[in-house]
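Before any comments, here is the structure.
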Amino acid sequence: MKKLFSILFVCLLLAGICAGCASTETADGRTVVHFLNWGDYIDPDVIPMFEEENPDIKINMTTVPSNEEMYVIATTEGTQIDIVVPSEYMIQRLMLEDRLAVLDHSKMENYRYVADFVKTCTYDPDGQYSVPYTWGTFGLLYNIEMTGEEIDSWDALFDPKYKKQILMYDSIRDSVGLALIKLGYSINTKNQQEIDEAAALLVEQKPLVLAYGTDDLRMTMINGSAALAPMYAGDAAYSMMDNPDLRYVIPKEGANIFVDGMCILKTTDVYDAALRFVDFMMRPDIAALNAEYNCYSTPEDDALLLVDSELLENTAFNPPKEDLENCEYYEHLEKDVLRMYEDAWMKVKIA
């Protein structure tokens with residue numbers, strides 16, 4: 001049913017985009033840039049600010065709930081999308097398929113603010129096809145009042161003493177990934193036996209789990225209805241501001257580190273206008289506004305100087321660098337490998 005809903009969502013969104021994207025120019029002569037973004041991922045004032053400073057450009061933003069839906073919409077013939085904000089493994093896929101335009105750094109006044117961070121992005125270390133928009137980790141959020149102790153390991157999610165106080169992420173890569181990390185394996189392993197071990201571990205854990213979810217886990221943790229949940233850092237930072245009993249940790253075994261980057265599609269007809277918007281989004285004051293709004297870390301040191309001190313002190317938003325040493329980016333998986341992960345997750349779901 002969920003898969004059917006996802007297909008219907010994409011079809012309806014594609015119909016809307018195709019209907020609204022027939023022209024690259026407004027009636028008053030402005031260039032239209034079509035921007036495919038995540039929901040609630042940009043400060044509402046930012047696009048109006050850009051349009052005021054760039055009166056010849058109109059930004060038309062559409063939102064999408066996942067990398068996979070973003071990919072379908074961005075690559076469907078007949079849809080006019082110019083800018084996308086995929087995560088690192090999807091950027092890698094789009095690069096391999098030659099779907100991204102090369103970014104002209106000489107025309108990007110603000111690229112210097114992300115240049116050092118770009119070098120750490122193993123999927124695109126020269127920033128040829130993407131510039132980092134936000135980054136973060138997928139770690140463990142816990143309620144100190146309910147656990148009665150500090151947590152530093154993924155082991156807590158598999159501890160019987162927390163039975164029915166544990167939430168789990170309803171996601172193949174995220175849940176199978178944390179199980180692989182707990183077992184000492186890479187989150188990008190292509191080894192069937194290692195993936196099978198991760199599935200067996202998650203099946204064994206299932207009786208301890210109160211619920212599986214995604215965005216809804218945040219409110220459950222804020223309300224104090226569960227003790228532990230794996231969670232993306234931005235959602236964790238937001239939750240911690242609403243409940244002082246919550247703590248976030250990057251487990252000692254390691255975790256996923258992610259980057260969402262801004263890319264321009266090779267099929268764009270408005271490259272220069274799109275590049276101006278991407279450059280604007282890297283301006284430190286704009287990067288700071290967006291970071292404060294969505295609670296995900298900014299790759300810019302200059303923007304961090306402008307971020308509210310309360311958020312800056314939040315370890316989910318701004319983790320110590322030493323905590324990132326064992327973190328690993330997701331990589332794009334070929335279909336036959338991805339099928340191993342899908343089969344592993346299916347075993348967990350039907351157990």
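The values are calculated or read from the model by the stated rules, or taken from the named source; none is laboratory data. Quantities reported herein were computed from a predicted structural model and do not represent experimental measurements. Cβ atoms come from the backbone with ideal geometry, glycine included; neighbour counts cover every protein chain shown. Heavy atoms of the whole protein, side chains included, go into the accessibility calculation; ligands, DNA and RNA do not. Shrake-Rupley method; radii C 1.70, N 1.55, O 1.52, S 1.80 Å.
If you go through segment 251-270 one residue at a time, do you hit one that is in contact (Cβ under 8 Å) with a residue 24 or more places away in the chain, within 18 Å of P44 (Cα to Cα) and crowded, with 22+ Cβ neighbours inside 10 Å? Yes, the conditions are met somewhere in segment 251-270. With a requirement of 2 or more residues that are closer than 21 Å to K119 by Cβ and under 16 Å from the mean Cα position of the chain (by Cα), the strands (runs of 3 or more DSSP E) lying completely within segment 218-337 that satisfy it span 256-264. In segment 43-69, the qualifying residues are those that are under 16 Å from the mean Cα position of the chain (by Cα) and open to solvent by 10 Å² or more (accessible area, probe 1.4 Å), and the one that is nearest to V270 (Cα to Cα) is T63. Taking the condition in contact (Cβ under 8 Å) with a residue 60 or more places away in the chain and over 25 Å from Y341 (Cβ atoms), does A237 pass? Answer is yes for this residue. Listed by first and then second residue, the pairs with beta-carbon distance under 7 Å, at least 6 apart or on different chains, first residue in segment 156-185 and without any contact (Cβ under 8 Å) to a residue 40 or more places away in the chain, second among the aliphatic types (A, V, I, L, M), are A179/A198; A179/L201; A179/L202; L180/I187; L180/A198; L183/A198; L183/L201. Being of a type outside the set (S, T, N, Q), part of a loop (DSSP other than H, G, I, E, B) and open to solvent by less than 50 Å² (accessible area, probe 1.4 Å) is a property that holds for I81. Summed over segment 200-217, the residues that are part of a helix (DSSP H, G or I), farther than 19 Å from E145 by Cβ and either open to solvent by less than 10 Å² (accessible area, probe 1.4 Å) or modelled with pLDDT under 95 (or both) give a count of 3. If the condition is being hydrophobic (A, V, I, L, M, F, W, C) and within 24 Å of R218 (Cβ to Cβ), then segment 105-143 contributes W135, F138, L140, L141. In segment 125-139, the residue that is most open to solvent (accessible area, probe 1.4 Å) out of those that are more than 13 Å from P299 (Cβ to Cβ) and more than 16 Å from the chain's Cα centre (by Cα) is D126. Do we find a residue being of a type outside the set (S, T, Y), assigned to a strand (DSSP E or B) and out of contact with any Pro (no Cβ under 9 Å at 6 or more places or on another chain) anywhere in segment 122-130? No: segment 122-130 contains no residue that is of a type outside the set (S, T, Y), assigned to a strand (DSSP E or B) and out of contact with any Pro (no Cβ under 9 Å at 6 or more places or on another chain).
Within segment 87-116, the set of residues being in contact with a Lys or Arg (Cβ under 8 Å, 6 or more places away or on another chain), surrounded by 17 or more Cβ atoms within 10 Å (Cβ to Cβ) and part of a loop (DSSP other than H, G, I, E, B) comprises R99, A101, N110.
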